[in-house]
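These notes concern the structure reproduced below.
The values are calculated or read from the model by the stated rules, or taken from the named source; none is laboratory data. Owing to the predicted nature of the structure, the values given are computational and were not obtained by experimental measurement. Every residue, glycine as well, gets a Cβ built from its backbone with ideal geometry; the counts of neighbours run over all protein chains shown.
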Amino acid sequence: MDQQYEQKIRELEKENRILAKKLHRSRTNLAMLEETNDRKEALLNQVISDQKSAEIALALRSEENAKLYQQSQANALQLEQALNELRISEEQVRQQNEQLAIALRLKDEFLATVSHELRTPLTGILGMSELLTGEFLGSLNRQQLESIVTIENCGKHLLSLIEDILDLTRIESGQMDIVLQPCEIDKLCQISLNAIASVAAKKNIHLNSIIPANLRTIQVDEKRLHQVLDNLLSNAIKFTPEGGQILLTVEASHQQLHIHIKDTGIGIPAEELEHIFDRFFQVDGKLNRQHGGLGIGLAIVKRIVGLHQGSISVFSKVGEGSCFTIHLPYTPTLPTDGEANQSYILIAENDHTTARIVIAYLKSYGYRFEWVQNGEEAVRYAEREKPALILMDIQMPIMNGLEAIKLIRNNPNLQTVPIIAATALAMQGDEEVCLQAGATEYISKPFRLKHLLSRIDVCLIEQRDQRNTK
Ligand code: ADP
């Protein structure tokens with residue numbers, strides 16, 4: 001029995017130990033579980049707090065978005081309104097422009113009509129004055145004659161004002177055409193200077209000019225260029241006090257001719273210079289008002305110079321004077337009825353087409369020429385006729401151009417005759433070969449006829465100048 005009991009107790013103790021171990025394990029597990037729970041809870045709390053912050057941020061952002069949206073709506077509205085206003089003003093500007101164009105056209109037509117209508121009675125006034133001053137209707141005493149001359153002068157002045165208005169309307173409506181013709185520059189300037197000499201003398205103004213002697217003709221519309229010079233010169237006189245000076249100088253630079261008209265007059269304030277060529281603009285000076293004028297002269301001058309592909313510039317200093325300069329395109333060409341006509345150009349060219357084209361072109365500029373087709377003939381002709389210039393092709397049969405040039409240069413009478421070598425080879429070194437052989441100029445084919453003409457002119461002018469300085 002005791003044994004049984006002891007056995008039972010041992011079993012119970014064993015069970016107790018197992019239970020104690022299990023209890024311990026459960027406790028450890030519980031502790032671990034509790035720790036995990038704590039961590040989970042902390043994590044949960046963090047998640048909750050993050051979510052809350054995110055919700056707040058979202059709420060704030062949507063508030064901001066809403067505001068931005070409202071703002072953009074307002075902006076779009078404003079833009080739409082601005083666009084509408086712009087459309088309305090554009091339409092108004094368009095209508096105003098249309099009205100302005102109509103008004104301008106009507107004004108031009110009106111001015112043209114008025115000018116035309118005024119010219120008819122003026123013809124009567126001027127014609128009658130001429131008859132009276134010429135004493136075709138009987139003799140007049142001195143006082144009567146002087147009165148008629150005054151009437152005539154006033155009539156002429158009125159006519160020039162009317163012409164100016166007509167010119168301006170013609171220019172504005174694009175109806176002024178110019179006809180370019182070769183004109184001698186010094187003659188052109190001299191005529192304008194002579195025309196105002198008596199007016200200058202009345203004011204005791206010294207009128208001088210410096211025009212280089214070696215200038216050639218210029219392609220201009222003679223009548224219109226006189227208008228330009230007359231206008232600038234009469235302004236110079238008008239705005240120069242008694243005893244002043246006016247100087248007209250001409251200068252030729254690379255492809256341009258510059259005509260300066262300088263006075264010692266009242267000058268123009270710097271801030272007015274940019275408006276000086278505007279129509280109806282007048283500097284509000286005392287002398288200006290005293291002398292009147294329509295304020296369109298310079299506008300006409302600028303436009304006429306523009307029609308010649310030229311330009312006008314001005315330098316001025318108040319109290320010291322002004323200098324107006326017109327710049328015109330200028331390719332020196334010899335007068336067609338002068339020296340050029342007397343100058344024979346020898347064309348040595350074996351290509352018939354080239355020769356025909358060159359001949360036709362030179363002919364239209366009044367040059368005389370002789371055409372030969374090989375070097376031998378060229379030498380023979382040159383020795384016999386002594387041409388003013390030789391245009392020498394290089395590749396020619398019988399005798400080539402280089403040999404011909406050398407032979408021509410060997411002749412003491414032909415050492416200075418300009419020879420323009422023209423060749424289609426145009427290889428590097430060709431030019432040197434031609435120049436070494438004795439050519440004055442080298443031109444490669446195909447050449448522009450205008451370029452050839454300018455080379456011919458330059459050679460002839462240089463040769464003439466050399467002759468003149470000897
Ligand atoms: P107008 O001489 O008929 O007034 P212009 O168009 O010829 O008209 O000239 C415009 C203005 O330019 C003149 O009124 C004058 O104020 C100024 N002006 C022109 N030329 C000169 C000059 N040489 N010296 C000073 N002022 C000048």
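Of the residues Gln190, Gln245, which is more than 27 Å from the chain's Cα centre (by Cα) and either among the small types (Gly, Ala, Ser) or within 16 Å of the ligand (Cβ to nearest atom) (or both)? Before the answer, list the steps.
Numbers: Gln190 fails: either among the small types (Gly, Ala, Ser) or within 16 Å of the ligand (Cβ to nearest atom) (or both).
Of Gln190, Gln245, the one residue that is more than 27 Å from the chain's Cα centre (by Cα) and either among the small types (Gly, Ala, Ser) or within 16 Å of the ligand (Cβ to nearest atom) (or both) is Gln245.
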Taking region 436-470, which residues are modelled with pLDDT of 90 or more and surrounded by fewer than 16 Cβ atoms within 10 Å (Cβ to Cβ)? Gln436
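Quickly run through region 293-307 and pick out the residues that are β-branched (Val, Ile, Thr) and over 19 Å from Leu257 (Cα atoms).
Correct list: Ile296, Ile300.
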Against the definition (more than 26 Å from the chain's Cα centre (by Cα) and not in a helix (DSSP H, G or I)), how does Ser139 come out, yes or no? yes
Is it the case that some residue within region 295-313 is within 16 Å of the ligand (Cβ to nearest atom), under 28 Å from the mean Cα position of the chain (by Cα) and at pLDDT below 90? yes
Tally time: how many residues in region 232-263 are touching a Gly at 6+ places or on another chain (Cβ under 9 Å) and under 17 Å from Ile185 (Cα atoms)? 3
Residues to consider are Arg61, Arg119, Arg87, Arg105; find the one that is closer than 30 Å to Thr150 by Cα and basic (Lys, Arg). Arg119
Condition first: under 27 Å from the mean Cα position of the chain (by Cα), surrounded by 22 or more Cβ atoms within 10 Å (Cβ to Cβ), touching a residue at least 12 places away in the same chain (Cβ under 8 Å) and within 12 Å of the ligand (Cβ to nearest atom). Can you find one or more residues in region 210-229 that meet it? yes
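For region 248-258: of the residues being more than 14 Å from the ligand (Cβ to nearest atom) and hydrophobic (A, V, I, L, M, F, W, C), which is nearest to Ser198 (Cα to Cα)?
If we filter region 248-258 for residues that are more than 14 Å from the ligand (Cβ to nearest atom), which is where we start, we get 249-258.
If we keep only those that are hydrophobic (A, V, I, L, M, F, W, C) too, we end up with 250, 252, 257.
On the way: Val250: 22, Ala252: 29, Leu257: 27 Å.
Looking at residues that are more than 14 Å from the ligand (Cβ to nearest atom) and hydrophobic (A, V, I, L, M, F, W, C), I get Val250.
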Which condition does Gly243 not pass, out of (1) exposed (fewer than 15 other Cβ atoms within 10 Å of the Cβ); (2) in a loop (DSSP other than H, G, I, E, B); (3) at pLDDT below 85; (4) not polar (S, T, N, Q), if it passes all the others? (3)
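Taking the conditions exactly as written (under 25 Å from the mean Cα position of the chain (by Cα) and within 12 Å of the ligand (Cβ to nearest atom)), does Leu232 satisfy them or not?
Values: under 25 Å from the mean Cα position of the chain (by Cα): yes; within 12 Å of the ligand (Cβ to nearest atom): yes.
Yes: the conditions hold for Leu232.
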Taking the criterion of being more than 8 Å from the ligand (Cβ to nearest atom), at pLDDT 95 or above and outside any helix (DSSP H, G or I), would at least one residue in region 262-272 satisfy it? yes
Quick check: is even one residue across region 279-294 within 11 Å of the ligand (Cβ to nearest atom), surrounded by 15 or more Cβ atoms within 10 Å (Cβ to Cβ) and at pLDDT 90 or above? no
